[in-house]
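A short write-up of the structure that comes next.
The values are calculated or read from the model by the stated rules, or taken from the named source; none is laboratory data. Bear in mind that the values here come from a model prediction, so they are computed numbers and not experimental data. Using ideal geometry, Cβ is built from the backbone for each residue, glycine included, and neighbour counts are taken over all protein chains shown. Just so you know, the surface numbers come from the protein's heavy atoms only, side chains and all, with ligands and any DNA or RNA stripped out. Shrake-Rupley method; radii C 1.70, N 1.55, O 1.52, S 1.80 Å.
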Amino acid sequence: GWCPLSPTGAQTTQLLVEPPWRPAVLWDRVTLTCQGLGTAGAATWYKDGQRWWQKGADHFTVTESATYECDRPGTGRSPPITVSDARLVLQVLARALLEGDTVTLRCRG
């Protein structure tokens, strides 16, 4: 589930979230991957707006509910992704949607 959020696409930093359902929930064993240009392993991670992990791995499995962002040299900071610990969620597959598209929802708890 990664879709560029701008026309430049590859020139921006994005967070790939697996599994690709939104909202992301902790009990789904969510993995975040920082995508962008630059050296592998050069990502700086932010948790709830605070620098959390500098020059860390490009991906990791989330163990705490929080809002995450990553920054890569050359492409900047990603849009934030919130991983919650909600017990009941209505989820949708993370992809660009247009009016008239069929949408798959799932209710999980």
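A few comments on the model shown:
- Verdict on THR39 being polar (S, T, N, Q) and either over 19 Å from ARG95 (Cα atoms) or modelled with pLDDT of 85 or more (or both): yes
- Test: residue in the stretch 26-40 that is buried (at least 17 other Cβ atoms within 10 Å of the Cβ), touching a helix residue (DSSP H, G or I) at 6+ places or on another chain (Cβ under 9 Å) and assigned to a loop (DSSP other than H, G, I, E, B): yes
- In the condition set (1) surrounded by fewer than 16 Cβ atoms within 10 Å (Cβ to Cβ); (2) at pLDDT below 90; (3) not aromatic (Phe, Trp, Tyr), THR12 is compliant with all but (1).
- Number of residues in the stretch 36-88 that are more than 14 Å from LEU15 (Cβ to Cβ), aliphatic (A, V, I, L, M) and in contact (Cβ under 8 Å) with a residue 24 or more places away in the chain equals 3.
- Counted residues, the stretch 82-105 - those being touching a Phe, Trp or Tyr at 6+ places or on another chain (Cβ under 7 Å) and open to solvent by 60 Å² or more (accessible area, probe 1.4 Å): 1
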